[in-house]
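Visitor: What follows is a structure written as C-alpha cells; I'll ask about it next.
Derivation of every value follows stated rules applied to the coordinates shown; laboratory data play no part. For clarity, every value in this text was computed on a predicted model and none was experimentally measured. We place every Cβ from the backbone using ideal geometry, glycine too, and count neighbours over all the protein chains shown.
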Amino acid sequence: MGQDTLQPGPLRVRQVREVLPPLYHAARVKTPVLLMHGVEDPYVPVGQYMQFYRALREMGKEVRLLLFPREGHGFREKEHRKREFEETVEWFKSHS
C-alpha cells in the first residue's frame, strides 16, 4: 500500500466517495432511475442494488427495479436481453 493512500485530507475523502457503492450517492439523484440487475452478478452484489432501490424509494424518488434470474454482470439469455431492450425503450418513452 502506497503512502499516499493513507494520508487524510480533501483528496482522500473525494477518492473514498468515488468508490463507495451508489447507495452513498442516492440523495444526489435528480432523475428517474431504471435499475436492471442480474441476480448472480459476481461483481456487484444484488444486495447493493436492493439498498440503492430502497434508499431512492424512501426519499420519494422515482425508481424501478428489475431483477433477472440466472444472469450475471450483463444479460445472456435471449428473453432477458429482449426484455432489457423493451423496458429501456418504454422507460425513455415515458420519461421524455
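Visitor: Can you compute the modelled spin-label distance between residue 40 and residue 66, with each label point 7 Å from Cα toward Cβ, in nm?
Guide: 2.0
Visitor: Determine the relative contact order of region 22-94: mean sequence separation of Cα pairs under 8 Å and six or more apart, normalised by residue count, in whole percent.
Guide: Computed over region 22-94, the figure is 37 percent.
Visitor: Another question about this same structure. Under a crude label model (7 Å from the Cα following the beta-carbon direction), how far is residue 73 from residue 92 in nanometres?
Guide: 2.5
Visitor: Read phi for every residue in region 45-62 and hand back ³J(HN,Hα) as whole Hz from Karplus 6.51 cos²θ - 1.76 cosθ + 1.60, θ = phi - 60°, with x for Gly and Pro.
Guide: Working through the residues one at a time gives x, 4, x, 5, 5, 5, 5, 5, 4, 4, 4, 4, 4, 5, 8, x, 8, 7 Hz.
Visitor: If you place +1 on the Cβ of every Lys and Arg and -1 on the Cβ of every Asp and Glu, how big does the dipole about the Cα centre of region 22-94 come out, in debye to the nearest 20?
Guide: The calculated dipole for region 22-94 is roughly 200 debye.
Visitor: Count charges around residue 75 for me, please; just the other residues with Cβ under 14 Å from its Cβ, Lys/Arg as +1, Asp/Glu as -1.
Guide: Local charge sum for residue 75: -2.
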